[in-house]
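So the structure is just underneath, and the comments pick up after that.
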Amino acid sequence: MSSVLKPSYEMIDSGDLDNHWNIKILDGKYKDTTFKFLEVKFKESEDELIVKFNYELIETPESLIIKDLAEFEDILGAVLHDVLIGLSERTDGKNRNDDTQELDS
């Protein structure tokens, strides 16, 4: 991914049973575009981690025409990176299923 400025965004509960969150871009060229990541895959290469993702556009402003798909997907990649870093920081690298404590009797 090239050097792309991550836009401000908000995560919105989709209300669906698929457990995906919608993400709304709040500023920049793609302001008011809402999408969700469908599938995220990680593949290790020799010296790098390759991330591939699928997404679904939920809503775009009527005036928006995505002319440069590579640029748009770079921006989505920057958002995904930010979401993953935030998740990593909140869980402090712990698997929450394995974080148990003994209860007082």
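Of the numbered criteria (1) of a type in the set (A, V, I, L, M, F, W, C); (2) over 13 Å from the mean Cα position of the chain (by Cα); (3) surrounded by 16 or more Cβ atoms within 10 Å (Cβ to Cβ), the one LEU80 fails is (2).
The residues of segment 1-49 that are among the basic types (Lys, Arg) and at pLDDT 90 or above, listed by number, are LYS24, LYS29, LYS31, LYS36, LYS41, LYS43.
If only residues of segment 8-63 that are in contact with a Leu (Cβ under 8 Å, 6 or more places away or on another chain) and aromatic (Phe, Trp, Tyr) are counted, the one that is surrounded by the fewest Cβ atoms within 10 Å (Cβ to Cβ) is PHE42. When the strands (runs of 3 or more DSSP E) confined to segment 6-79 are screened for residues that are β-branched (Val, Ile, Thr), those reaching at least 3 such residues are found at 49-59.
The values are calculated or read from the model by the stated rules, or taken from the named source; none is laboratory data. All values derive from a computational prediction rather than experimental measurement. Here the Cβ is made from the backbone with ideal geometry for all residues, glycine too, and neighbour counts use every protein chain on show.
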